[in-house]
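Asks: Got a structure for you, written out below as structure tokens; questions coming shortly.
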Amino acid sequence: MKNLKRLLKKYDVELIIFFLALAFSTWLMFSTFSYQNGEMQIASKAWSDFASHIPLIRSFSFGDNFPPEYPLFSGLPIRYHFLFYALVGLLEKVGLRIDFALNILSILGFSLLILMIYLFSKEIFKSKAVGILSIIFFLFNGSLGFIKFFSAFPLSKNSLFEIISNNKFISFGPYDGSIISAFWNLNIYTNQRHLALSYGLSLLLIYLFLKFKEDEKKENIKKSVFIGIVLGFSFILNMSVFLMTVVILFSMFLFFGKKRIYIFTALIIGGLITLPQYLYIQSGGNSSFQIFLYFGYLVSRGSNFFEFINYWFQNLGLHFFLIPLGFFIAPKNNKKILISFFSLFLIGNLFQFSPEIAANHKFFNYFIIIGSMFSAYALYFLWKKIVFRPLVLILFFLLIFSGIIDFFPIKNDTKIALSDYPVNKDIVWIMQNTKPNSVFLNTNYLYDNASLAGRKIFLGWPYFAWSQGYDTLTRDNIRKSLLNTNGLSFFCDNALKYKLDYIENTLSSDDIVVNKDFFDKNFINSYKNQTLTYYIYDINKSCK
């Protein structure tokens with residue numbers, strides 16, 4: 001009993017932070033995705049991302065998706081880090097409702113990240129205050145977006161009401177033409193549910209290396225093997241964060257001589273475990289890993305150095321100055337840590353790894369998490385000088401003000417209801433009358449009934465598959481040709497080639513022309529919902 005009390009006293013702050021993180025994470029995740037009366041309740045700001053995530057989850061819970069394929073682009077090995085959503089699918093498969101299955105893992109991942117931010121910053125700066133400040137800076141971004149907010153809503157007696165009733169993000173660059181990016185607010189963690197767990201796990205692995213003791217060589221080797229195993233499987237949790245972790249560990253390998261053998265061991269084991277995973281996702285044809293030189297991230301093409309500096313000043317806000325200050329006054333080993341993470345900032349500004357350069361935001365999100373720790377240390381350092389305390393309070397407010405404003409669009413967001421099994425009778429029929437590994441030639445893009453039933457479809461919303469390196473243009477043209485054909489042999493030959501089992505025809509689809517007379521004449525109509533003008537034709541029974 002005394003030992004328990006001693007432990008509780010020793011880790012009192014950690015326990016408080018963890019339970020507060022659990023409480024906040026629970027609200028955050030359930031406020032953006034829940035379930036009621038047979039309908040998924042999806043926050044409007046998460047609607048587009050979840051149109052990719054839910055079919056992936058359902059392919060593991062209601063469908064048969066092993067070896068894994070991307071359910072919105074059937075027939076080829078998956079190129080997306082699927083582990084998180086496969087675990088969600090497994091939880092739903094064993095009986096958890098989908099909102100609990102997804103939110104529980106999301107809550108644990110986000111809570112782990114918050115706890116690791118505290119533990120990591122406390123470890124390197126030996127200060128609980130720095131750890132707490134680092135969490136606050138993570139939750140509330142430090143961009144200069146508040147300036148844009150007040151340009152739209154001039155400061156007045158109504159300003160507080162305008163902030164707490166706001167339902168739009170201050171800036172959403174590059175999509176709204178703003179120079180300030182859309183990727184600094186909490187929306188990326190409510191939409192990309194696997195991201196927080198990926199960062200939290202990466203920080204944990206690096207933190208464990210920092211905790212190695214020189215006189216425990218055998219234990220350190222054992223821990224290195226464990227870290228290597230976890231690192232290797234993190235490849236299918238988040239490929240980008242896996243790459244970042246490898247880059248950081250390699251940088252630390254160069255800087256921390258006494259830890260080299262341990263880091264080398266982990267990297268070798270992680271690489272061996274990653275290799276077969278990498279070969280599998282590349283086995284479907286064109287590589288999804290294509291690295292290009294691309295200078296300046298989202299800075300306008302042809303911009304000069306001063307415009308580059310302005311871009312990052314507006315996006316980092318006062319962190320632009322405080323991170324270097326924290327670096328300058330930090331102990332020597334801490335400088336090495338920031339340099340290791342700064343490699344992510346350089347890589348994100350120099351290279352493009354996917355068809356969309358905006359996807360590089362993950363490099364900057366991770367760097368800013370660590371960089372904010374150095375900003376926190378700079379404020380902590382200044383706070384100890386009484387004369388600077390008023391300045392510290394002003395700086396602290398300006399560092400979190402944009403994040404406070406950006407919090408309310410998440411809080412005030414509306415939800416969109418999506419009818420699910422068993423309320424949606426179309427999904428019920430598909431689940432009860434088709435095999436779990438069936439493939440549908442679809443006419444709907446988002447939230448297709450077959451996708452919600454866990455079946456694979458020929459092509460979902462093209463952006464999702466395109467961003468992963470699939471040739472969506474060719475496939476879209478093939479789909480249009482198949483759906484508007486007059487040739488039975490042409491259709492059946494291609495159906496056999498692409499292993500298609502069923503045709504979905506939703507007459508409300510406005511960008512795909514379907515030759516319904518051809519299918520009514522030549523194919524067995526297995527199911528029809530006259531009210532919604534939704535039909536399913538059986539290919540296997542018709543193409544004999």
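Asks: Picking from Asn220, Leu197, Val246, whose Cα lies most toward the positive end of the charge dipole for the stretch 137-248 (charges on Cβ: Lys, Arg +1; Asp, Glu -1)?
Replies: Result: Asn220.
Asks: Averaged per residue, what accessible area in Å² does the stretch 200-272 show with a 1.4 Å probe, protein chains only?
Replies: Numbers: 3400 Å² over 73 residues.
Result: 47 Å² per residue.
Asks: Going highest first, how would you order 49-57, 422-430, 477-485 by mean Cβ packing within 10 Å? Walk me through the numbers on the way to the answer.
Replies: On the way: 49-57: 23.6, 422-430: 17.9, 477-485: 16.0.
The packing order, highest mean first, is 49-57, 422-430, 477-485.
Asks: Follow-up question, since we're still on this one. Calculate the translational D of the chain in whole µm² s⁻¹ from Stokes-Einstein, where the hydrodynamic radius comes from the Kirkwood formula applied to all Cα pairs, the temperature is 4 °C and the viscosity 1.567 mPa s. Spell out each step's value before the answer.
Replies: Values: Rh = 25.4 Å.
For these conditions, the coefficient is 51 µm²/s.
Asks: With every protein chain left in place, what is the accessible area of Met431 in Å² (1.4 Å probe, nearest 10)?
Replies: 50 Å²
Asks: Related question: Compute the separation of the alpha-carbon centres of the stretch 12-44 and the stretch 433-493 and state it in Å as a whole number.
Replies: One Cα centre to the other: 34 Å.
Asks: Taking the Cα atoms only, what angle lies between the long axis of helix 98-125 and the longest principal axis of the chain, rounded to 10 degrees?
Replies: Relative to the chain, helix 98-125 is tipped by roughly 20 degrees.
Asks: Which order do peptides 268-276, 439-447 fall in by mean Cβ count within 10 Å, highest first?
Replies: Working: 268-276: 15.8, 439-447: 22.0.
Descending mean neighbour count gives 439-447, 268-276.
Asks: Sticking with this structure for a sec: Summarise the accessible area of the chain (1.4 Å probe, protein heavy atoms) by the percent that is carbon and sulfur. Write out the running numbers ahead of the final one.
Replies: Values: 16070 of 24390 Å².
Carbon plus sulfur share of accessible area: 66 percent.
Asks: Please give the net charge around Gly469, taking every other residue with its beta carbon less than 11 angstrom from that of Gly469, where Lys and Arg add +1 and Asp and Glu add -1. Walk me through the numbers on the way to the answer.
Replies: Working: positive: Arg79; negative: Glu356, Asp471.
Value of the local net charge: -1.
Asks: To continue, here is another question. Rank these by accessible area, largest first, 1.4 Å probe: Glu14, Glu69.
Replies: Values: Glu14 15, Glu69 45 Å².
So the residues, ranked largest to smallest area, are Glu69, Glu14.
Asks: In debye, nearest 20, what is the charge dipole magnitude of the chain about its Cα centre with +1 on Lys and Arg Cβ and -1 on Asp and Glu Cβ, if you could check? Mind dumping the intermediate values first?
Replies: On the way: 50 positive and 32 negative charges, 462 e Å.
Charge dipole of the chain: 2220 debye, to the nearest 20.
Asks: Oh, and also: Just to make sure I understand: if all protein chains stay in place, what is the order of Asp520, Asp538, Asp493 by accessible area at 1.4 Å, largest first?
Replies: On the way: Asp520 65, Asp538 10, Asp493 105 Å².
The most accessible residue leads, giving Asp493, Asp520, Asp538.
Asks: Compute the helix-to-body angle for 260-281: its Cα long axis versus the longest principal axis of the chain, expressed 0 to 90° and rounded to tens.
Replies: 10 degrees
Asks: For the peptides 163-174, 329-340, what is the packing order when you average, over each peptide's residues, the other Cβ atoms within 10 Å and list the highest mean first? Walk me through the numbers on the way to the answer.
Replies: Numbers: 163-174: 18.3, 329-340: 16.0.
Result, highest mean first: 163-174, 329-340.
Asks: Okay, next question. Using the alpha-carbon atoms, what tilt in degrees (0 to 90, nearest 10) does helix 193-210 show relative to the longest principal axis of the chain?
Replies: 40 degrees
Asks: Residue farthest toward the positive end of the dipole of the chain, with Cβ of Lys/Arg at +1 and Asp/Glu at -1: which of Gln468, Tyr294, Trp383?
Replies: Working it through, the farthest residue towards the positive pole turns out to be Trp383.
The values are calculated or read from the model by the stated rules, or taken from the named source; none is laboratory data. For clarity, every value in this text was computed on a predicted model and none was experimentally measured. Note: ideal-geometry Cβ built from the backbone for every residue, glycine included; neighbour counts use all protein chains shown. Please note that ligands, DNA and RNA were not included when accessible areas were found on the heavy atoms of the full protein model with its side chains. Shrake-Rupley method; radii C 1.70, N 1.55, O 1.52, S 1.80 Å.
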